[in-house]
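Everything below concerns the one structure shown next.
The values are calculated or read from the model by the stated rules, or taken from the named source; none is laboratory data. Predicted model only: the values in this text are computed from it and were never measured. Here the Cβ positions follow ideal geometry from the backbone for every residue, glycine too, while neighbour counts run over all protein chains shown. Heads up: the accessible areas ignore ligands, DNA and RNA and are worked out on the full protein's heavy atoms, side chains in. Shrake-Rupley method; radii C 1.70, N 1.55, O 1.52, S 1.80 Å.
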Amino acid sequence: MRFGHFDDSAREYVITTPRTPFPWINYLGSEGFFGLISHMGSGYSFYRDARLRRLTRYRYNSVPNEQGGRFFYIQENGDYWTPSYAPVKAELDAFECRHGLGYTRITGQRKGLEAELLFMVPRGFNAEVHQVTLRNKSNTTRTFKLFSFVEFCLWNAHDDATNLQRNLSTGEVEVEGSTIYHKTEYRERRNHFAFYHVNAPVAGFDTDRESFVGLYNHLGEPDVVKNGASKNSVAHGWAPVASHCLEVTLAPGAERKFVFTLGYIENPVAEKWQKPGVINKRRAQAMIEAFSKPEQVDAALQGLRSHWTELLSRYTVQSSDEKLNRMVNIWNPYQCVVTFHMSRSASYFETGIGRGMGFRDSNQDLLGFVHLLPDLARQRIIDIASTQFADGSAYHQYQPLTKRGNNDIGSGFNDDPMWLILGVAAYIKETGDYGILDESVPFDNDEKNTASLMEHLTRSFEHVLNNLGPHGLPLIGRADWNDCLNLNCFSETPDESYQTTGNRTGRTAESVFIAGMFCHIGPEYAALCDKKGQADKAQRARREIAKMEKVVLEHGWDGDWFLRAYDFFGNKVGSKECEDGKIFIEPQGYCVMAGIGKDSGQALKALDAVKERLDTPYGIVLVNPAYTRYHVELGEISSYPPGYKENAGIFCHNNPWIMIAETVVRRPERAFEYYKKITPAYIEDISEVHKMEPYVYSQMIAGKDAVKPGEAKNSWLTGTAAWNFVAVSQHLLGVRPDYDGLIVDPCLPAEVPQFTISRWWRGTTYVIQVKNSGKGGQPKLVVDGKPVTGNRVPYSAKGGTVHVECTV
Ligand code: BGC
């Protein structure tokens with residue numbers, strides 16, 4: 001069942017009923033100011049950091065869901081309603097929400113009045129613009145009132161939700177004309193304030209929540225809206241809000257637009273005050289003037305659209321499969337960019353007060369946006385590498401505002417160092433910027449202890465070799481990619497963190513997955529050593545990788561698939577011998593991606609075992625059988641009920657590893673089948689089962705052991721976005737940058753018989769026309785009319801367009 005449809009030419013998803021199975025959200029903002037917005041207008045806004053600079057309040061895990069947002073109420077002769085359906089939930093004659101790239105448009109109609117709400121963050125501004133267009137579609141003149149409403153958060157979202165004994169006394173506002181200023185804590189250490197403005201004279205306003213809503217009412221029936229009159233309340237403490245009242249009369253067929261601006265301003269300390277107690281509003285005025293007319297809003301929307309047109313033109317495909325086209329050309333890269341900005345901080349599942357930037361997460365996210373935002377990727381790499389320790393290990397997370405490693409979580413996740421090599425290699429392949437390797441980068445942000453980025457990569461590589469266990473496999477530490485495989489934790493105390501508690505300090509628990517990573521990512525390190533003229537290091541690296549491959553085949557092979565790990569006691573994890581948890585997805589993907597067992601048969605066997613034991617109609621589960629009881633020696637993985645999250649959920653992040661692995665063994669049908677199973681556009685028709693947005697990936701879909709298989713959670717902020725983009729663009733469609741050329745190596749089944757890819761790479765556009773037999777054979781390439789051997793289009797410095805014909 002569907003709840004809307006794609007509009008590809010507008011690059012929008014159109015939701016046609018407010019009753020979606022979960023709030024379906026979008027993101028506003030692409031620089032410093034961001035907002036989350038659901039199809040009913042709920043959500044919140046923040047500046048840079050969702051925890052420390054939260055502008056508006058939203059209550060997570062609440063009933064009903066839309067507890068906070070930007071709401072517009074219409075009141076006409078006692079009848080009141082909200083065009084976004086919520087929060088009033090008066091029946092609408094028509095409803096539509098269009099989520100576009102960086103903007104959302106919600107239109108509601110009732111009794112001949114239509115209200116269209118456009119929400120966006122214009123490029124170059126730290127503000128959300130809300131444009132309300134009112135249309136009289138009836139034959140009589142209509143006179144009614146429009147009320148706006150946002151509730152301010154007192155900046156620190158965690159404190160705001162918990163420290164009420166202080167907060168309820170600190171709230172302060174100023175009102176001047178049609179602008180409401182929120183200035184809580186501005187009198188002391190904050191140099192920032194927020195404002196909510198409308199570009200028309202108001203009939204009244206409210207800034208105090210209790211006055212607006214009424215003590216025992218709710219947002220669906222606010223006092224002021226019910227009575228049709230603002231109270232001109234001024235908040236002192238309690239809960240500051242901003243509400244404007246506008247009186248509107250519309251003749252039949254007439255239309256009127258109002259522009260509201262929700263802005264964030266920082267003042268230099270010396271310029272904080274206009275006079276004692278009155279904030280300096282100069283910068284706010286300038287922002288207000290920038291959006292005082294609807295034409296300015298149109299221009300800003302146009303600017304936003306052009307920005308995305310430019311970005312998305314860097315990789316496009318035209319094929320007969322419209323779902324493939326819309327994912328590759330629009331929604332998958334869009335999600336990658338959102339994930340780059342948000343990391344894992346703010347979504348409808350991440351509350352914006354928890355996690356900072358993950359070391360491994362950020363390196364993997366980079367794979368999905370490096371071709372779109374290479375300069376930001378460069379900066380991100382330096383930020384991440386600066387949190388590495390001198391021994392090659394790394395803080396698992398860092399805080400976006402300070403860019404410092406997070407001491408609460410610390411280090412000891414032994415996969416982290418290798419991801420840095422992968423991120424840097426992807427950046428260099430994209431840009432050819434080898435200069436980044438010479439950048440001087442601190443360890444643990446200590447400017448007195450620095451080394452070149454290349455040296456950081458060496459420390460990453462050596463960290464694995466310095467931490468090998470009894471079988472010669474890498475030690476897992478606190479966990480590897482699978483945060484929930486905690487083999488040294490042994491936790492029997494509630495509330496203890498599985499990730500940060502190491503109750504035993506063993507040097508026995510080993511990870512076959514990290515060994516696979518070492519063999520897959522290690523060659524990139526060797527290649528970079530060669531490029532830097534460090535041939536000895538490169539040779540040593542290749543020797544160690546070859547050695548590791550042997551170790552994996554000897555100690556990491558279980559007969560029909562790759563083992564997952566050895567636990568603290570040296571027992572096998574992910575083996576036929578195990579009572580449950582016999583086979584895991586991660587090592588099958590990563591070892592085959594590394595080519596381990598490709599020529600000796602193990603690779604095919606491992607992938608066949610995945611098909612037989614892990615594949616389901618909704619995607620590939622992480623492990624099988626699910627753990628049915630708590631295993632103290634395995635940690636968090638066995639704490640989840642069967643079928644959820646790491647305990648045999650379909651963890652969409654690692655499904656693409658299997659897709660890529662299937663292309664390594666040249667089985668296009670299987671690769672594409674797996675792709676279609678989890679890719680949102682292909683499962684739009686089962687939205688009632690899946691529940692999450694059909695335009696973005698979710699982190700997890702409940703697996704076959706769950707009570708509701710196929711039901712997804714954690715949409716938007718997940719490494720799934722980047723990895724699926726890598727899988728589909730670089731391995732199925734098969735176009736990927738290498739150090740000295742663009743590899744063209746498609747691996748798609750016959751159902752996609754021909755397609756054209758346009759890839760902008762280092763200043764040149766490569767237009768690649770593919771004729772595909774679907775048999776997974778080797779490609780034959782003709783470049784600008786001349787045949788070339790192999791699957792690599794040489795790098796062209798000429799700019800313009802290079803034409804490539806590819807026959808598979
Ligand atoms: C984390 C990742 C981790 C994955 C699997 C996600 O929630 O952000 O770092 O690899 O879970 O455990």
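Between the Cα long axis of helix 602-613 and the first principal axis of the chain there is an angle of about 50°, rounded to the nearest 10. Here segment 411-509 was treated as a single set of alpha-carbon atoms; its pair distances binned every 5 Å from 0 give 2, 13, 17, 18, 16, 14, 11, 6, 2, 1, 0 percent. Chymotrypsin sites (Phe, Trp or Tyr not before Pro) within segment 166-245: which are DSSP loop residues with at most 13 other Cβ atoms inside 10 Å? Filter output for segment 166-245: 216. For residue 249 and residue 611, FRET efficiency with R0 = 60 Å and r from the beta-carbon atoms, rounded to 0.05? Working from the Cβ atoms, E equals 0.35.
Excluding same-chain neighbours fewer than eight residues apart, the lysines reachable from residue 448 by a Cα-Cα span under 20 Å are 403. Largest accessible area first, the residues 631, 158 order themselves as 158, 631 under a 1.4 Å probe with ligands, DNA and RNA left out. Put a plus charge on the Cβ of each Lys and Arg, a minus charge on the Cβ of each Asp and Glu, and nothing anywhere else: the dipole of the chain about its Cα centre is then about 1120 debye.
Annotation for segment 1-81: GluC sites (Glu not before Pro) lying in DSSP loop with at most 14 further Cβ atoms inside 10 Å of their Cβ are 31.
Among the protein heavy atoms, those of residue 796 account for about 20 Å² of accessible surface (1.4 Å probe, every chain in place). In the chain, Cα pairs under 8 Å separated by at least six residues give a relative contact order of 9 percent. Using Cβ point charges alone (K and R +1, D and E -1), the dipole size of segment 141-198 about the Cα centre works out to roughly 180 debye. Relative to one another, the C-alpha centroids of segment 391-419 and segment 633-707 are positioned 27 Å apart. Largest first, the extents of the alpha carbon coordinates of segment 542-665 on the three principal axes equal 41, 36, 21 Å. Positive end of the dipole of the chain (Cβ unit charges, origin at the Cα centre): among 367, 555, 592, the Cα lying farthest that way belongs to 367.
Backbone phi angles across segment 777-789, fed through the Karplus curve with coefficients 6.51, -1.76 and 1.60 (θ = phi - 60°), yield HN-Hα couplings of x, 7, x, 10, 10, 10, 10, 6, x, 10, x, 10, 8 Hz in residue order; Gly and Pro are listed as x. The share of accessible area on the chain that comes from carbon and sulfur is 48 percent, using a 1.4 angstrom probe. Over the C-alpha atoms of segment 628-697, the Rg to Rh ratio, Rh being the Kirkwood estimate, stands at 1.08. Excluding ligands, DNA and RNA, the accessible surface per residue across segment 682-743 is 23 Å² with a 1.4 Å probe. Remark: segment 524-636 carries 40 Å² of accessible area per residue (probe radius 1.4 Å; ligands, DNA and RNA excluded).
Test of the criteria: in segment 705-757, which chymotrypsin sites (Phe, Trp or Tyr not before Pro) are in a DSSP loop and have at most 16 other Cβ atoms within 10 angstrom of their Cβ? Qualifying residues, ordered by number: 739. The radius of gyration of the Cα set in segment 590-638, together with its Dmax, comes out at 13.8, 39 angstrom. By the scheme Lys and Arg +1, Asp and Glu -1, what is the net charge of all other residues having a beta-carbon under 12 Å from that of residue 669? Every neighbour counted, the sum reads +3. Here the translational diffusion coefficient of segment 650-753 follows from Stokes-Einstein with Rh set to the Kirkwood radius across Cα pairs; for 10 °C and 1.306 mPa s it amounts to 112 µm²/s. The residues of segment 198-340 present an accessible area of 41 Å² per residue when probed at 1.4 Å with all protein chains retained. Using a simple spin-label model with pseudo-atoms 7 Å out from Cα toward Cβ, residue 786 and residue 455 lie 4.3 nm apart.
The alpha-carbon atoms of the chain define a convex hull whose volume equals 168 cubic angstrom per residue.
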